[in-house]
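What follows draws every value from the coordinates through simple rules; no lab data is involved. What you see is a predicted model, and the numbers here were worked out from it, not measured in a lab. Cβ: placed from backbone, ideal geometry, glycine included. Neighbour counts: every protein chain shown.
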Amino acid sequence: RVLDTRARSSTSGFARMPPEVVDRVVAAVERDLRDGTWDARHGRLRKFAEYDAGLRLVVSNSA
């Protein structure tokens, strides 16, 4: 969801990045999708019905 502005703003990693870094990342992903670089590197992921990227929130209530 890197290309979706609303999704990026809801992701802490992107929300904490300086805007110029976000712009650079978005431009790189757009370019890689357009020219086929992304598919060459990661196209196998398109075959998955779902993908668990492993993001977890762990909360402890111990004293």
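Quick check on the chain: helices-only [θ] at 222 nm, where DSSP H runs of length 4 and up contribute -39,500 (n - 2.57) each and the sum goes over total residues. Nearest 500, please. Spell out each step's value before the answer.
Numbers: 4 runs with 32 residues, N = 63.
Calculated from helices alone, the mean residue ellipticity at 222 nm is -13500 deg cm²/dmol.
How about the chain: which chymotrypsin sites (Phe, Trp or Tyr not before Pro) there are in a DSSP loop, with at most 12 other Cβ atoms within 10 Å of their Cβ?
Working: sites: 14, 38, 48, 51; in loops: 48, 51.
Qualifying residues, ordered by number: 48, 51.
Using alpha carbons only, how many angstrom separate the centre of the stretch 29-63 from the centre of the stretch 1-21?
Result: 14 Å between the Cα centres.
May I ask for the angle, rounded to the nearest 10°, between helix 19-35 and the longest principal axis of the chain, with both axes built from Cα atoms and the value confined to 0 to 90°?
Roughly 40 degrees between the two axes.
Size of the dipole of the chain about the Cα centre, Lys and Arg at +1 and Asp and Glu at -1 on the beta carbon, nothing else charged, in debye to 20?
Values: 12 positive and 9 negative charges, 23 e Å.
Here the size comes out at about 120 debye.
At 7 Å along the Cα-to-beta-carbon direction for both residue 58 and residue 3, put a label point, then send me their distance in nm to one decimal.
Here the answer is 3.5 nm between the modelled labels.
Which GluC sites (Glu not before Pro) in the chain pass both tests, a DSSP loop state and at most 12 other beta-carbon atoms within 10 Å? Display every interim value, and only then the final one.
Working: sites: 20, 30, 50; in loops: 50.
Hits after loop and neighbour filter: 50.
Between the DSSP loop rule and a limit of at most 14 other Cβ atoms within 10 Å, which trypsin sites (Lys or Arg not before Pro) in the chain are left?
Values: sites: 1, 6, 8, 16, 24, 31, 34, 41, 44, 46, 47, 56; in loops: 1, 16, 56.
Loop-located and lightly packed - 1, 16, 56.
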